Each structure stands twice: as structure tokens, then as C-alpha cells.
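Here's the structure we're looking at; comments come further down.
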Amino acid sequence: MGMAVGGGKGGPKSDINITPYIDILLVLLIIFMVITPFTPHGLEVRIPEKLPDNVTQDVLSHFTGIVVTIKSDGSILVNKDPVNMESLGQRLLSIYSTRSDKTLFVRGDKDAFYGDVAKVIDIAKGAGVEEIGLMTEFENQ
């Protein structure tokens with residue numbers, strides 16, 4: 001390999017050495033590849049679906065699931081029994097410790113704070129709930 005020295009026609013030459021830039025680029029690429037798997041994930045919940053037309057009120061009255069309702073004033077009900085946010089985890093832990101079906105349904109009023117709903121879901125996951133479904137108000141057609 002030859003090296004150009006400034007003794008030829010046209011005077012001195014200056015070339016940019018891009019090797020340090022390539023090194024920096026590779027280091028940044030490795031950093032982003034390592035950091036990417038640690039990005040946080042959101043809450044995994046089931047999206048509400050419309051009930052089929054053939055579902056009768058008799059079927060709905062035999063529903064045995066656990067429903068946590070969050071009212072617009074911040075009060076919480078577990079299947080119509082009032083409970084506060086501090087004792088919700090212990091209550092859900094006692095309910096789900098004996099159940100094989102670890103599914104919980106969360107119903108929030110339309111004026112309830114999203115933060116309260118997310119906190120209830122987080123407490124439920126800590127109490128051993130495996131599946132969480134969101135419930136909406138039933139719309140008459």
C-alpha cells in the first residue's frame with residue numbers, strides 16, 4: 001500500500017479518516033441491541049367484546065366470576081362487597097388461593113380514573129390473578 005505525501009502536484013491533500021466513526025457506530029449499535037429487550041411492556045388484559053344475541057339473562061345470572069368494580073368516586077367493590085385499596089390485595093389473595101380459575105373481571109365507571117383501574121390490575125396480578133378481563137356497560141340496542 002502506498003501513502004500519498006504532500007510532494008506532488010496540487011499541494012497538500014487532506015482526507016477524512018472514517019475509522020473512528022465506524023467504531024462509534026458499532027458501539028452504539030451494540031448498546032441499542034442490548035437495551036431493546038429491557039423495554040417495559042404494558043398491562044395484558046382482554047378487550048371487551050359484545051355479547052352474542054342468543055345469551056339470555058338466565059345465563060348471566062349464573063356467572064360465577066369475580067368482578068372488581070371501580071366507581072367514579074374511587075370506591076371499590078368486590079362482587080358488590082365494598083373494600084378499600086389497601087385491603088384489596090389481601091382480599092383477592094384469600095379469594096384466589098382456593099380457586100382453580102384465576103380470572104378476574106374489572107369494571108370501571110366511565111368517570112373513574114385510569115390510574116385507579118391500572119392500580120387494581122397491578123394489585124390483582126400481585127395476588128395471583130392470571131387472566132384479567134375488562135368489562136363495559138351493557139348497551140341496549
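The values are calculated or read from the model by the stated rules, or taken from the named source; none is laboratory data. Note that the coordinates shown come from a computational prediction; the quantities given were computed from them, not determined experimentally. Note: ideal-geometry Cβ built from the backbone for every residue, glycine included; neighbour counts use all protein chains shown.
Say we look at the stretch 50-67 and pick out the residues that are over 24 Å from ILE121 (Cα atoms) and among the hydroxyl-bearing types (Ser, Thr, Tyr); which of these is modelled with the highest pLDDT?
Step by step, filter the stretch 50-67, then rank; the result is THR56.
Report yes if some residue within the stretch 33-45 is surrounded by 10 or more Cβ atoms within 10 Å (Cβ to Cβ), of a type in the set (A, V, I, L, M) and at pLDDT 85 or above; otherwise report no.
Checked against the condition, which is being surrounded by 10 or more Cβ atoms within 10 Å (Cβ to Cβ), of a type in the set (A, V, I, L, M) and at pLDDT 85 or above, the stretch 33-45 yields no hits at all.
Pick out, from the stretch 68-141, the strands (runs of 3 or more DSSP E) lying fully within it that include 1 or more residues that are closer than 25 Å to PRO52 by Cα and either at pLDDT below 90 or polar (S, T, N, Q) (or both).
It comes to 103-108, 131-135.
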